[in-house]
Amino acid sequence: MKKILAVALALALTLTAFAACAESKETLTMATNASFPPYEYVEGDQVVGIDPEIAAAVCEKMGYDLEIVDTEFDSLISGVASGKYDFVMAGMTVTEERKQMVSFSDTYATGVQVVIVPEDSAITSVDDLFAEGADNAVGVQQGTTGDICATEDIEDAGFGTVERFKTGTDAVLALTTGKLDCVIIDNEPAKNFVAANEGLTILETPWVEEDYAIGMKKGNTALQSAINEVLSTMTADDYNAMMDDAISVQPLSK
Ligand code: GLN
């Protein structure tokens with residue numbers, strides 16, 4: 001009997017502590033890099049897109065307000081790891097290296113690394129990038145999986161140089177002004193950038209397929225399972241509706 005009472009008391013104390021904790025923290029901060037349409041982009045003075053929509057649904061179901069911080073892609077994972085932000089949503093690919101620093105939710109979308117070239121480019125397939133004598137200037141967004149792939153497979157392999165930009169927008173801008181031979185970036189933003197800029201096209205041969213997930217402080221299993229629970233209620237229809245909501249074409253100048 002005593003034992004049961006002790007357990008009940010401990011449980012009650014834990015619940016009170018949890019409730020107090022939840023009350024004192026009413027806002028969850030999401031970090032992102034809002035230059036990645038349709039997942040996140042700036043409209044007026046707001047960050048909108050699929051990721052903010054999912055984040056809003058997650059926070060609403062969990063009873064939190066949502067605050068979105070737009071910052072450099074390269075600082076997102078470390079910011080979450082240090083507790084500066086509660087979670088990151090940025091079309092963020094799950095990688096082994098990132099898993100060392102943060103915990104990921106279940107995956108909610110798939111991304112594919114694709115290659116954007118000028119329409120008249122001599123590069124007509126991904127294989128051309130690895131052909132003998134290839135020496136291309138490849139643009140990427142710093143710290144992305146596109147950067148990692150290009151650095152390993154092109155620069156380190158002697159097939160050219162990699163130029164790293166703060167945003168995908170900046171990389172595509174450099175491509176349109178002839179400073180690069182191609183840009184390697186995720187497929188959905190690639191489609192947006194190509195639609196917004198004449199004279200660019202996406203190679204039909206994709207490169208690498210990846211999974212997107214929400215990243216949070218390592219070991220924050222409470223947040224992780226709460227997020228997973230909300231994600232599990234999201235249907236393909238919900239996701240497609242969000243995709244339709246997100247405007248499809250973003251001009252390069254913000
Ligand atoms: N999916 C890529 C990555 O996680 C790019 C994400 C982005 O640029 N926002 O590295």
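The values are calculated or read from the model by the stated rules, or taken from the named source; none is laboratory data. Quick caveat: nothing in here was measured; it's all calculated off a predicted structure. FYI the Cβ positions are ideal-geometry reconstructions off the backbone, even for glycines, and counts take in every protein chain you see. When the accessible area is computed, the model is the full protein with side chains, heavy atoms only, and any ligands, DNA or RNA have been set aside. Shrake-Rupley method; radii C 1.70, N 1.55, O 1.52, S 1.80 Å.
Values for this structure:
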item: Any hit, segment 116-131, residues being within 16 Å of the ligand (Cβ to nearest atom) and in contact with a strand residue (DSSP E or B) (Cβ under 6 Å, 6 or more places away or on another chain); result: yes
item: Check on Val172, among the aliphatic types (A, V, I, L, M), in contact with a strand residue (DSSP E or B) (Cβ under 6 Å, 6 or more places away or on another chain), within 16 Å of the ligand (Cβ to nearest atom) and open to solvent by 30 Å² or more (accessible area, probe 1.4 Å); result: no
item: Lone qualifier among Gly168, Gly178 - being of a type outside the set (Val, Ile, Thr) and under 14 Å from the mean Cα position of the chain (by Cα); result: Gly168
item: Matching entry among Thr110, Thr124 (being loosely packed, with under 15 Cβ neighbours inside 10 Å and in a loop (DSSP other than H, G, I, E, B)); result: Thr124
item: Hey, Asn187 surrounded by fewer than 20 Cβ atoms within 10 Å (Cβ to Cβ) and under 18 Å from the mean Cα position of the chain (by Cα) or not; result: yes
item: Selection from segment 87-97 of residues that are closer than 16 Å to Glu72 by Cα and either assigned to a loop (DSSP other than H, G, I, E, B) or within 11 Å of the ligand (Cβ to nearest atom) (or both); result: Val88, Met89, Ala90, Gly91, Met92, Thr93
item: For Ile154: the one exception among (1) within 18 Å of Phe193 (Cα to Cα); (2) in contact with a Gly (Cβ under 6 Å, 6 or more places away or on another chain); (3) not small (Gly, Ala, Ser); result: (1)
item: Long-range neighbours under 9 Å by Cβ, at least six apart or interchain, first residue under 17 Å from Asp147 (Cα atoms) within segment 201-221, second of a type in the set (Phe, Trp, Tyr) and away from the ligand (no atom under 12 Å from the Cβ); result: Asp211/Tyr108; Tyr212/Tyr108
item: The lone exception for Glu155 - which of (1) surrounded by 23 or more Cβ atoms within 10 Å (Cβ to Cβ); (2) acidic (Asp, Glu); (3) over 18 Å from Ser35 (Cα atoms) it fails; result: (1)
item: Some residue of segment 139-152 being of a type outside the set (A, V, I, L, M, F, W, C), over 24 Å from Thr176 (Cα atoms) and open to solvent by 20 Å² or more (accessible area, probe 1.4 Å); result: yes
